[in-house]
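What follows is a single structure, written as structure tokens, with notes after it.
The values are calculated or read from the model by the stated rules, or taken from the named source; none is laboratory data. The structure displayed is predicted, hence computed values, not measured ones. No Cβ is skipped: glycine too gets one built from the backbone with ideal geometry, and neighbour counts run over all protein chains shown. Heads up: the accessible areas ignore ligands, DNA and RNA and are worked out on the full protein's heavy atoms, side chains in. Shrake-Rupley method; radii C 1.70, N 1.55, O 1.52, S 1.80 Å.
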Amino acid sequence: MTAIAAKSTASEGINPVASVIGIVIIIAAVAITAVVANFALAALIGVIIGGLLIGFGVHFVPVGGAPAAMGQSPGIATGVAMLAAGAGLAGLFGGAWAAANPEFGIAIVIAAGAIGGGLLMAVTCLMVNVVYIFGMGIPAASGKVAKDPITGDSQAEYKSQGTEGHGLPFVSYVGGVIGGMLGGAGGTLIYYELLQVYAARLPEIFGATAEGVLPVAISLAGIFAVGMFLMNAVLAAYNITGTIEGPHDPKFKRFPRAVIGCAVASAVAGLFAVLIVVV
């Protein structure tokens, strides 16, 4: 095995030592919360799960970067973190709307967030193919697989010479919607869990009514949810390193490393998010 091949193989795997350290950090964050802020223990676990969903979902999103803008690579012509953040924010808007209604439980709130993120990605992917097909006159074709894993359509005869493909094949479209739904659900879960903590604790801290501090609780939960979403999206983008076509792309296999990283980052950020309301 050459040095180059060894380096490439190593970049795909999980570092055992780093994974153990990450798990220790997660356990420490949970333990500190259980001792100092036991009321927020369930919320912290929800935040960690939300971070996992975001990190995993980002790997489904087809991103082609600058090459995609020139029709030389499949995917949406923007960065991973920017596209994931857009889907996440759309999901958060939907989830926040549902969370504002006391009649809706956590399942409906998360579903609303997932639908918001998935809908944004569905519309985005559709318009990308409209621009490619009718604006640039090129079909959607993948450079990573010989046939679309979902439809079975052959790709090679539609791929332009000298490119890695172009447009959004059907599997990339489906992957984008799934990624948007996972990201929207994860971001909404973080928002919802933190909102419950803040809504319960802030009246005691400020000596005010629950209705009086609700705007502050919503603002704090929203700020932390958006911040954690961007944090996890950037971590996942760093793991992808460039472009990705979707779940059929070989880079998709890197997701376990990003999931561990996002879990650790979410645990630490979530710990600070709940400690601010400890009195």
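Counting only heavy atoms of the protein chains, get the accessible area per residue of the chain (1.4 Å probe) and round it to a whole Å² value.
46 Å²
Just from the alpha-carbon atoms, what are the Rg and Dmax of the chain in angstroms?
20.5, 69
Using θ = phi - 60° and the Karplus form 6.51 cos²θ - 1.76 cosθ + 1.60, what ³J(HN,Hα) does each residue of region 40-47 get, whole Hz, x for Gly and Pro?
The phi angles translate into 10, 4, 5, 5, 4, 4, x, 5 Hz.
Projected onto the charge dipole of the chain (+1 at Lys/Arg Cβ, -1 at Asp/Glu Cβ, origin at the Cα centre), which of ILE190, GLY55, PHE39 gives the Cα projection farthest towards the positive end?
In the chain, that residue is GLY55.
Just need the relative contact order of the chain here, percent rounded to a whole number, with Cα pairs under 8 Å and 6+ apart.
Numbers: 553 pairs, mean separation 88.6, N = 279.
Relative contact order, the chain: 32 percent.
Please report, in whole Å³, the volume per residue of the convex hull around the C-alpha atoms of region 200-258.
114 Å³
Pull out the extension gain between THR209 and ILE23, defined as 0.36 nm times the separation in residues minus the alpha carbon to alpha carbon distance; nm, one decimal.
63.0 nm
Round to a whole number: what % of the accessible area of the chain belongs to carbon and sulfur, probe 1.4 Å?
Within the chain, the accessible surface is 73 percent carbon and sulfur.
Computed over the Cα atoms of region 22-73, what is the convex hull's projected area averaged over all directions, in nm²?
For region 22-73, averaging the hull's shadow over all directions gives 5.0 nm².
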